[in-house]
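Structure first, commentary second.
The values are calculated or read from the model by the stated rules, or taken from the named source; none is laboratory data. Bear in mind that the values here come from a model prediction, so they are computed numbers and not experimental data. So basically every Cβ, Gly included, is an ideal-geometry build from the backbone, and we count neighbours across all protein chains shown. Only protein heavy atoms, including side chains, enter the accessible area calculation; ligands, DNA and RNA are left aside. Shrake-Rupley method; radii C 1.70, N 1.55, O 1.52, S 1.80 Å.
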Amino acid sequence: MKKREIMRIMIGLILLVSFLSIPFISPVKQYISIPNEITLFENQEGYALPALAGSTPSLEPENNITQAFSNQLVAEKPGKSSLIYEFAGLPMKKVNVEVLENLKVVPGGQSIGVRLHTLGVLVVGHHLIQTEQGKVSPGEESGIKVGDILLEINGKELKKVEQVASILEDKEGNELKVKVKRNEKTFTTTLSPQYDQQDDKYRLGLYIRDSAAGIGTMTFYHPDTKRYGALGHVISDMDTRKPIEIHDGKLVKSNVTSIDKGKNGMPGEKNAEFSVEDESIGNITRNSPFGIFGKLHENVQNHVMDQPMPIALSNQVKEGPAQILTVLEGQKVEKFDVEIVSSTPQKHPSTKGMIIKITDDRLLEETGGIVQGMSGSPIIQDGKMVGAITHVFVNDSTSGYGVHIEWMLQEAGIDIYKKDGEQKAS
């Protein structure tokens, strides 16, 4: 190989290494760390600005933000402004700053019982009917699948399983027109009930359900509107594993009776009791990937942190110590230490924004870490509500995911981003 070619290859390698090294050069790393947008709340502690060697950030004239220190922003009132990083008198980067109206919520931690009524009746399985011609499943033959929702039969809206039995008695085997919802599509099919020789009744060959129940943890409520959020994850049907579409539901207080300790490979569980006949503390109007939502009938207390506290956006959550509120026995809410291992600033809703590790010795001793029924336990950091625990890691029961509070607020109908200067929650 000629010397000129060798030299050309060496120069190329040097340039490649130099190019790849650019992001690791300190000033470049500092520049990349500066966000394009900053969002913060009015009258909260200063926002720490990223430093850039040789550059001093300055604010636009007549802004609604004061620069308390060289690297701190303090918001005085809601509005928008811009921050300019300059070097040698030349603008290097512009950062848009939005200040939101201060919002406070009351943390939960209470153990709650949940009773959901499905939209229509949910198909959870097929079964065979013994007829003169042999065993058949009319529902399966008509194309109805597990997970479908039966909305109407012969134009009559369905809300309870008992309605289906009543219709079968009246029609005595006549062909039925059934309105079905499958995922986002709705269609109508015909279904011919068959006479079951064993039970002496006409049947559809379908297993159906109109309700579901379980336990979880209250996350927060908004004291002005009584809107609340709980669980931090969707409630799915135990048989179909699909999210339950709800017609309505109610919350009641629940009493934790014991805890099955978790271990790696086998999540633990809170055992709690409640009665659907108990007095309701709130309704349930929404079941989403971020939890269940509705309105409380009155304020509820945890007797640990009952005063409204500010919230933190996803970009304000820090890695490090935090606390959660949850119940280990009876209805007593207690505070326990955790660590936020990581937190991802998010511009769009996501259910897995944080990784949480239990560090409290007593909680580890009692539960082994995160257990079922702990979902929704509020996460508090530096006097702010930052989110809720949602899932445990199967292979590490001491750790799990958390969801940021701003997405739960959004699902509850509480818009933290002002619109015409007013809070949109009602």
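Applying the criterion of being of a type outside the set (A, V, I, L, M) and in a strand (DSSP E or B) to the residues of region 307-326, the residue that is nearest to His222 (Cα to Cα) is Pro310.
This table checks each residue for (1) in contact with a Gly (Cβ under 8 Å, 6 or more places away or on another chain); (2) under 21 Å from Tyr417 (Cα atoms).
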site: Ser258; (1), (2): no, no
site: Gly268; (1), (2): yes, no
site: Phe274; (1), (2): yes, no
site: Glu277; (1), (2): no, no
site: Leu313; (1), (2): no, yes
site: Thr344; (1), (2): yes, yes
site: Ser350; (1), (2): no, yes
site: Ile356; (1), (2): yes, no
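Scanning region 185-244 for residues that are acidic (Asp, Glu) and open to solvent by 30 Å² or more (accessible area, probe 1.4 Å), we see that the one that is farthest from the chain's Cα centre (by Cα) is Asp200. Name every residue in region 145-189 that is over 23 Å from Asp248 (Cβ atoms), part of a loop (DSSP other than H, G, I, E, B) and in contact with a Ser or Thr (Cβ under 7 Å, 6 or more places away or on another chain), in order of residue number. Those that are over 23 Å from Asp248 (Cβ atoms), part of a loop (DSSP other than H, G, I, E, B) and in contact with a Ser or Thr (Cβ under 7 Å, 6 or more places away or on another chain): Val146, Glu175.
In region 250-264, is there at least one residue being more than 26 Å from Pro107 (Cβ to Cβ), at pLDDT below 90 and not in a loop (DSSP other than H, G, I, E, B)? Within region 250-264, one or more residues are more than 26 Å from Pro107 (Cβ to Cβ), at pLDDT below 90 and not in a loop (DSSP other than H, G, I, E, B). A single member of Leu122, Leu128, Leu116 is touching a residue at least 60 places away in the same chain (Cβ under 8 Å) and surrounded by fewer than 18 Cβ atoms within 10 Å (Cβ to Cβ), and it is Leu128.
Asp237 satisfies every condition listed in (1) closer than 29 Å to Thr367 by Cβ; (2) touching a Gly at 6+ places or on another chain (Cβ under 9 Å); (3) modelled with pLDDT of 90 or more except (3). Looking only at residues of region 218-253 that are polar (S, T, N, Q) and touching a Lys or Arg at 6+ places or on another chain (Cβ under 9 Å), we find that the one that is farthest from Leu325 (Cα to Cα) is Ser236.
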